[in-house]
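Below you'll find the structure, written out as C-alpha cells, and then a few comments.
Rule-based calculations on the coordinates, nothing more; no lab input. Small disclaimer: the values here were computed from a predicted structure and weren't measured. Backbone-built Cβ (ideal geometry, glycine too); neighbour counts: all protein chains shown.
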Amino acid sequence: MAGKDTTPMTVYDLMAMVAKRLVGRDVELRFTPAAELKAGGCVRVGADGHRVVELATDHGGAWDGDMHAFLHELAHARFHAPKFKRSDTGRPPRWREPALKTKRTILQEAQADTMARYWLKWADEHRQDIPGATDYENRLWALTHWRA
Ligand SMILES: [Zn+2]
C-alpha cells in the first residue's frame, strides 16, 4: 500500500508487535476502563480461537507496573489461553473474582508473573535506546526482537 512505510508507528502498533512476538500468534489488544475491567487486564479466547488481551485504560504509561501488567497478560495468552473456555469476545468482559482460588489459578498467576519479570529483564538487557523515546517504548522495541 502506498505510503504505508511512512505511517508513524504508535505505541499501540508497538504493543501489538510485541504481543505477536511473545505470544507467538496474532493477539487483539483492547483497552477498557479499569473500573469496568476490575483488574489490570484479562485474556479471553474467542469462538474461533483468537486471543483478546484486554488492558485497563490507565495502563500504557511509562512505569514498570504497567509493563509488568501487559507482559503478565501476554504470558497468560501464550501459556494458559489454550485451555481457556471460549467466550463471546464481542461482549465486554465480565470479571468475577473466583470465590475460591484453586491451586491451578495460583500457579498460573505465579507463572505469568515470573514470565513477565523475565521478559522485562530481557528487554532491559537488550534495549538499544532511541533518543526521545520513553522507557516503555524502548523496552517494547527491544521485545519486538525477543527470542527464547
Ligand atoms: Zn494473571
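Here are the numbers:
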quantity	calculated
Residue range of the chain that is longest and free of chymotrypsin sites (Phe, Trp or Tyr not before Pro) which are both DSSP loop and sparsely packed (at most 15 other C-beta within 10 Å)	1-62
Selected from L107, L120, L29 as most flexible by GNM, with the chain as the system and alpha-carbon contacts under 10 Å	L107
Antiparallel DSSP beta bridges within the chain, percent to nearest 5	40 percent
Fewest-first ranking of D129, D88, using other Cβ atoms within 10 Å as the exposure measure	D88, D129
Under DSSP loop assignment and at most 15 Cβ neighbours within 10 Å, longest trypsin sites (Lys or Arg not before Pro)-free interval of the chain	39-84
Nearest-ten-degree value, helix 103-126 long axis tilted from longest Cα axis of the chain	0 degrees
Pair-distance profile P(r), taking every C-alpha pair of segment 68-148, with 5 angstrom steps and integer %	3, 13, 18, 20, 15, 11, 11, 6, 2, 0
Compactness relative to 2.2 N^0.38 Å, alpha carbon Rg of the chain	1.06
Of G40, G49, G132, the one that fluctuates the most in a GNM where the chain has Cα springs shorter than 10 Å	G132
On Cα atoms only, tilt of 11-23 relative to the major axis of the chain in degrees	60 degrees
Net charge dipole size for the chain [Lys, Arg +1 and Asp, Glu -1 on Cβ; Debye, nearest 20]	900 debye
